[in-house]
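Please read the structure below before turning to the comments.
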Amino acid sequence: MCSSDLSPGAKQHEPVVWCTTLGKGRVVTISMGHYQRPAHFSSLNCVGFQTVLARSCEWAATGQVTIPVPANFPTKETESIAGPKEIQWKAR
């Protein structure tokens, strides 16, 4: 994901997302870590975070995921920063 912090022990990015059902409900927990950028930058602009949040909310509400992974989703080699209106919500 979009994080310049590496886990001290593993020396790699380690975002955590887990989901479970609880009775008739669904639960999603997202722990992305910290984004070390200038003070004016919001880590909420990470396309990876926005995508995980949107797809998780959809799953928690409906039990299905129809929101595609956007074309500008971050990769191992590249970050992807965008405001919510700039995300390319078309599948890769």
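Brief remarks follow.
- Restricting segment 60-80 to residues that are in a loop (DSSP other than H, G, I, E, B) and among the polar types (S, T, N, Q), the residue that is most open to solvent (accessible area, probe 1.4 Å): Gln64
- Meets criteria (at pLDDT 80 or above and under 13 Å from Glu79 (Cβ atoms)) for Val47: yes
- Output for segment 42-59, where each listed residue is in contact (Cβ under 8 Å) with a residue 12 or more places away in the chain and open to solvent by 40 Å² or more (accessible area, probe 1.4 Å): Ser43, Asn45, Phe49, Leu53, Arg55, Cys57, Trp59
- In segment 72-92, the residues that are at pLDDT 75 or above reach residues that are of a type in the set (Gly, Ala, Ser) with C-beta atoms within less than 8 angstrom, at least six apart or across chains, in these pairs: Asn72/Ser80; Asn72/Ala82; Phe73/Gly48; Phe73/Ser80; Pro74/Gly48; Pro74/Ser80; Ser80/Gly48.
- The residues of segment 9-44 that are out of contact with any helix residue (DSSP H, G or I) (no Cβ under 8 Å at 6 or more places or on another chain) and either closer than 21 Å to Lys85 by Cα or at pLDDT below 65 (or both), listed by number, are His13, Gly33, Gln36, Pro38, Ala39, His40, Phe41, Ser42.
The values are calculated or read from the model by the stated rules, or taken from the named source; none is laboratory data. Treat the numbers as computed from the prediction; the structure is a model and nothing was measured. FYI the Cβ positions are ideal-geometry reconstructions off the backbone, even for glycines, and counts take in every protein chain you see. The area values use the complete protein model at the heavy-atom level, side chains included, leaving out ligands, DNA and RNA. Shrake-Rupley method; radii C 1.70, N 1.55, O 1.52, S 1.80 Å.
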